[in-house]
Amino acid sequence: MSTRTLEQVESQFETFQILNEEGEVVNEAAMPELSDEQLQELMRRMVYTRIWDQRAISLNRQGRLGFYAPVAGQEASMLGSQFALEKKDWILPGYRDIPQIVFHGLPLHQAFLWSRGHFAGGQIPDELNIMIPQIIIGAQIIQTAGVALGLKRKETNTVAITYTGDGGASQGDFYEGMNFAGAYKAPAIFIVQNNRFAISVPVEKQSAAKTIAQKAVAAGIEGIQVDGMDVLAVYAATKDARTRALAGEGPTLIETLTYRYGPHTMAGDDPTRYRSSDLDDEWTKKDPLVRFRKFLEGKNLWNEEKENEVVDQAKADIKEAIKEADAAPKQKVTDLIGFMFEDLPSNLREQMEEYTAKESK
């Protein structure tokens, strides 16, 4: 490919935006058809998630929560996309994508149990079309291709959506999953939340491509780069991708340009070692909550009283969910052995007998 051809491809992937940093509409034609109540619900979910994130970080530091990947800064990307789905759609999340599956129906206390590594956290209710969060980077991309193909074969009129970060776009599973889904026009939506640093490596050092969205070209599928701090743009792009998928037009790759304000996870990551304070300040000005709040206030749909009500509700819900998680039965080794197989092989039968005797003392 010549340099000129490459430049032509890259020039096609301009960032899609509806609201600018001041909450002003800059793309009226792309405004999604959402009622006042739906706009308020989007804001409610983002405020709720920001409070939940703050509380989860505090609980982690107290030793009351296990693995946790902060989400502040990525609320628009996460919740705007989930809001565009139907309840019957399937979500295959990564380990940071807990808000999406909670708002899709997973009880909050189960999300806390999953974070603690408790088996009950992975016991998804039958009526919920979600998978447990994937820890292996990018593995959910291939799984989503398979789920989407199954949905197509069963003619369910539903889609499968998955999420990964910019680091996940460097994995082989990312390319294989998109290629497979594209070849069979599976109803899949692949969202890459480009927060610029994966665990610690700048996106510019992960790939020579100017955008992640352009990687869709090689798979023969649609690709779009979206302002991931603009909840309306994320919603509109996901809604369009879903409509196209159900029309038999195949999958879409959505790159959301976003930023995580906290560390990669609470397991010892220090973002000050690879991010500058100037860059942090630059992205703080793009805060998705501030932007959408300004937009809603301009339409007289949001005020301090409404926000405080959401904050109070979030705190109360979290307190109750933690209480419920604390009341879950303590895990036993026999529980873990028993969940592995319907009929235990001989070595596990021996271990089951051994630990049953120990636990009965």
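The values are calculated or read from the model by the stated rules, or taken from the named source; none is laboratory data. Given the structure is predicted, the values throughout are model-derived calculations rather than measurements. Using ideal geometry, Cβ is built from the backbone for each residue, glycine included, and neighbour counts are taken over all protein chains shown.
I'd like to check something: does the range 44-58 contain any residue that is of a type outside the set (G, A, S), within 20 Å of Y261 (Cα to Cα) and part of a loop (DSSP other than H, G, I, E, B)? No, there is no match, as no residue in the range 44-58 is of a type outside the set (G, A, S), within 20 Å of Y261 (Cα to Cα) and part of a loop (DSSP other than H, G, I, E, B). Contact map, the range 235-248: residues that are modelled with pLDDT of 95 or more paired with residues that are surrounded by fewer than 18 Cβ atoms within 10 Å (Cβ to Cβ) and aliphatic (A, V, I, L, M), Cβ distance under 6 Å, separation 6+ or inter-chain. Pairs shown: A236/A30. Sub-7 Å Cβ pairs linking a first residue in the range 308-320 that is within 14 Å of M46 (Cβ to Cβ) and in the same structural domain as R293 (by TED's automatic domain parsing) to a second residue that is modelled with pLDDT of 95 or more and basic (K, R), at least 6 apart or interchain, are V310/R44, ordered by first then second residue.
Tell me, please, whether a residue that is assigned to a strand (DSSP E or B) and more than 25 Å from V71 (Cα to Cα) can be found in the range 188-201.
No, the range 188-201 contains no residue that is assigned to a strand (DSSP E or B) and more than 25 Å from V71 (Cα to Cα).
Taking every residue in the range 120-136 that is surrounded by 16 or more Cβ atoms within 10 Å (Cβ to Cβ) and pairing it with any residue that is in a loop (DSSP other than H, G, I, E, B) and aromatic (F, W, Y), at least 6 positions away or on another chain, the pairs with Cβ-Cβ distances below 8 Å are P133/Y95; Q134/Y95. One residue alone among K319, K285 is exposed (fewer than 15 other Cβ atoms within 10 Å of the Cβ) and either more than 28 Å from the chain's Cα centre (by Cα) or more than 30 Å from E14 (Cα to Cα) (or both), and that residue is K319.
Checking each residue in the range 217-234 for being under 12 Å from I191 (Cβ atoms) and not in a loop (DSSP other than H, G, I, E, B) picks out G223, I224, Q225, V226, V234. Residues of the range 262-280 that are within 21 Å of G66 (Cβ to Cβ) and touching a residue at least 60 places away in the same chain (Cβ under 8 Å): G262, P263, H264, T265, M266, A267, D269, P271. Given the criteria assigned by TED's automatic domain parsing to the domain that holds T256, in contact with an Asp or Glu (Cβ under 6 Å, 6 or more places away or on another chain), under 22 Å from A69 (Cα atoms) and not hydroxyl-bearing (S, T, Y), does P288 qualify? Yes, satisfied. Among residues of the range 1-42 being part of a loop (DSSP other than H, G, I, E, B), of a type in the set (S, T, N, Q) and modelled with pLDDT of 95 or more, the one that is surrounded by the most Cβ atoms within 10 Å (Cβ to Cβ) is Q17. Exactly one residue out of K294, K299 is within 27 Å of F16 (Cα to Cα), in contact with a strand residue (DSSP E or B) (Cβ under 9 Å, 6 or more places away or on another chain) and basic (K, R): that is K294. For T164, the conditions (1) in contact with an Asp or Glu (Cβ under 6 Å, 6 or more places away or on another chain); (2) not in a loop (DSSP other than H, G, I, E, B) all hold with the exception of (1).
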